[in-house]
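The values are calculated or read from the model by the stated rules, or taken from the named source; none is laboratory data. Please read all numbers here as calculations on a predicted model, not as lab measurements. Ideal geometry is used to build each Cβ from the backbone, glycine not excepted, and the neighbour counts take in all protein chains shown.
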Amino acid sequence: MTRPIQAIIHHDALRNNLRQVRTAAPQARAWAVVKASAYGHGLARAWPALCDADGFALLNIEEAVLLREQGWKGPILLLEGFFYAEELKLIDEYRLTTSIHSNWQLKALADARLKAPVDVYLKMNSGMNRLGFAPDRVHTVWQRLRYLGNVGTVTLMSHFANADSPDGIARPLQVIEQALEGIDAPRSLANSAATLWHPETHHQWVRPGIVLYGASPSGRWQDIAGCGLQPAMTLKSEIIGVQTLKAGDGVGYGSRWRARGEQRIGIVACGYADGYPRTAPNGTPVLVDGSRTGTLGMVSMDMLAVDLTPCPQAGIGSPVELWGSQIKIDDVAAAAGTIGYELMCALAPRVPVVTE
Ligand SMILES: *Cc1c(COP(=O)(O)O)cnc(C)c1O
C-alpha cells in the first residue's frame, strides 16, 4: 500500500466518447487527438481504447514512434509538423503525416531525401494567429506541394479560436472558403467544439480532443450534459485526518478559512503536487463518502481540507472523489479559474494510475 490517492482511467468512457463523436459527425473520419500524453491520461494507456479512430493526432515525434512501436499501423498526424528538418527522417521511416505551416518547412520538405512521399496537412491561419500560412498564400503553397515528389496527399487544415460560441466560426469559415476557392482537396477543420456544435465544419476529417476524455470544450459541463459523454479520468483519495473546529479556528496556510461555529473537517491526501489546483477557492466541489461538499482553506502541496458538515458519518478512510463521474472536472476547473483541459494535463507523475 502507498498513499491513498489514485487516478483511474476508464476505457469504457473513452470508447463511449469516441462513439459519441461518430454520432455527432457520422460522415467524417476522426483523428483522435492524443497530444500531451492523451491529455494527461497516458498515451500508452489511452490509445488502445481509442483504436477505432481513423488516426491519431499528436505533437511529438516520440509519441508517434511509441504508437508505431505499440502496433498502431494507421495514420498519425503531427499537428504542428516537424520542429527541425532532421525529423523528416523519422517522419519518412515511421510513415507519419506532417502538418506544414511555414515556408521553412516547405523548403525542408522539398529538399529532403525520402524513401517514399509523405502525406501533408497544409495548415492555414484563418484568424487564430497561432500557426499557419496566411490565407492569400494558401493557393500558391498548395500548388507547390502538389508537384513535390516528396508529397503524397494534401489535406487542408485550419483551427478555430472560438468554435465554442454560436457565432464564433462565421468569420473564419468565410476566410477559409475564400482562400480555398478552386482547390479540390480534403479538409480538416473541426476541433471538439466544432465537431459537436458546427456540423458544417466536419468535411472529411474531424479532430476531437477534449470530448474524448469526457470534458467540455467550452469549460462548462452543462454545455455537454446532453451529449452522452463520460468522464474518462477519476481522481480519488481518502480522508487521512479529522479535526473539530471551534468558532474562529483557522484552516491551512494563511488561515484562509475560519470556522463560524463548531465544524468537523476532513483532511484529504491530495494537494497541488498531485495536480489539484492551488487556486481552488473555499467551496470547490468535492465528493466525500458519497456526499457533495466543498473544500476549505488553501490547498497545500500534499493535502487539502473539506467540510464534513454534510456527511457526519465520514471519518478517516472515507473515500473522496476530487473529480470523476460525480464531480465534473469542468466544475472543479471553473471554480479554480481554469479549464478541464489544464487539470487533466497537469495530473502529477507521482499519482499512481490504474486503468479500468
Ligand atoms: C489540440 C488540438 C485539437 C483538439 O482540440 P480540442 O479542443 O481538445 O478538441 C484539434 N486541432 C488542433 C490543431 C489542436 O492543436
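In the range 196-247, which residues are of a type in the set (Ser, Thr, Tyr), touching a residue at least 40 places away in the same chain (Cβ under 8 Å) and under 30 Å from Arg258 (Cβ atoms)?
Ser237
Go through the residues of the range 204-214 one by one and say whether even a single one is surrounded by fewer than 20 Cβ atoms within 10 Å (Cβ to Cβ) and either within 13 Å of the ligand (Cβ to nearest atom) or over 17 Å from the mean Cα position of the chain (by Cα) (or both).
Checked the range 204-214: at least one residue is surrounded by fewer than 20 Cβ atoms within 10 Å (Cβ to Cβ) and either within 13 Å of the ligand (Cβ to nearest atom) or over 17 Å from the mean Cα position of the chain (by Cα) (or both).
Quick grid of which residues meet (1) more than 15 Å from the ligand (Cβ to nearest atom); (2) modelled with pLDDT under 95; (3) of a type in the set (A, V, I, L, M):
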| site | (1), (2), (3) |
| --- | --- |
| Val33 | no, no, yes |
| Ala49 | yes, no, yes |
| Leu59 | no, no, yes |
| Lys73 | yes, no, no |
| Glu80 | no, no, no |
| His101 | no, no, no |
| Trp104 | yes, no, no |
| Ala116 | yes, no, yes |
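Of Leu189, Leu229, which residue is within 13 Å of the ligand (Cβ to nearest atom) and under 15 Å from the mean Cα position of the chain (by Cα)?
Answer to the selection: Leu229.
How many residues are in contact (Cβ under 8 Å) with a residue 40 or more places away in the chain and not in a loop (DSSP other than H, G, I, E, B) when one looks only at the range 270-303?
Count: 7.
Would the range 95-117 turn up any residue that is of a type in the set (Lys, Arg), part of a helix (DSSP H, G or I) and in the same structural domain as Ala57 (by TED's automatic domain parsing)?
Yes: the range 95-117 contains one or more residues that are of a type in the set (Lys, Arg), part of a helix (DSSP H, G or I) and in the same structural domain as Ala57 (by TED's automatic domain parsing).
From the list Gly81, Gly74, which one is within 21 Å of Ala116 (Cα to Cα), touching a helix residue (DSSP H, G or I) at 6+ places or on another chain (Cβ under 6 Å) and in a loop (DSSP other than H, G, I, E, B)?
Gly81 is the lone residue from the list that is within 21 Å of Ala116 (Cα to Cα), touching a helix residue (DSSP H, G or I) at 6+ places or on another chain (Cβ under 6 Å) and in a loop (DSSP other than H, G, I, E, B).
Quick one: in the range 232-260, which of the residues that are small (Gly, Ala, Ser) and either part of a loop (DSSP other than H, G, I, E, B) or within 16 Å of the ligand (Cβ to nearest atom) (or both) is nearest to Ala193 (Cα to Cα)?
For the range 232-260, the residue satisfying everything is Ala232.
Quick check on the range 157-168: of everything there that is touching a Phe, Trp or Tyr at 6+ places or on another chain (Cβ under 9 Å) and within 13 Å of the ligand (Cβ to nearest atom), which residue is farthest from Ala134 (Cα to Cα)?
Asp164
Quick one: would you say Val65 is in the same structural domain as Pro172 (by TED's automatic domain parsing), within 16 Å of the ligand (Cβ to nearest atom) and touching a helix residue (DSSP H, G or I) at 6+ places or on another chain (Cβ under 8 Å)?
So Val65 does not fit the description; no.
Quick check on Arg15: is it surrounded by fewer than 17 Cβ atoms within 10 Å (Cβ to Cβ) and either away from the ligand (no atom under 16 Å from the Cβ) or closer than 26 Å to Leu196 by Cα (or both)?
When the stated conditions are applied, Arg15 does not pass them.
Just the residues that are free of Cβ contacts under 8 Å to residues at least 12 places away in the same chain and part of a helix (DSSP H, G or I), please, taken from the range 118-153.
Arg137, Thr140, Gln143, Arg146
Which ones in the range 1-45 are part of a strand (DSSP E or B) and not aliphatic (A, V, I, L, M)?
Correct list: Gln6, Arg29, Trp31.
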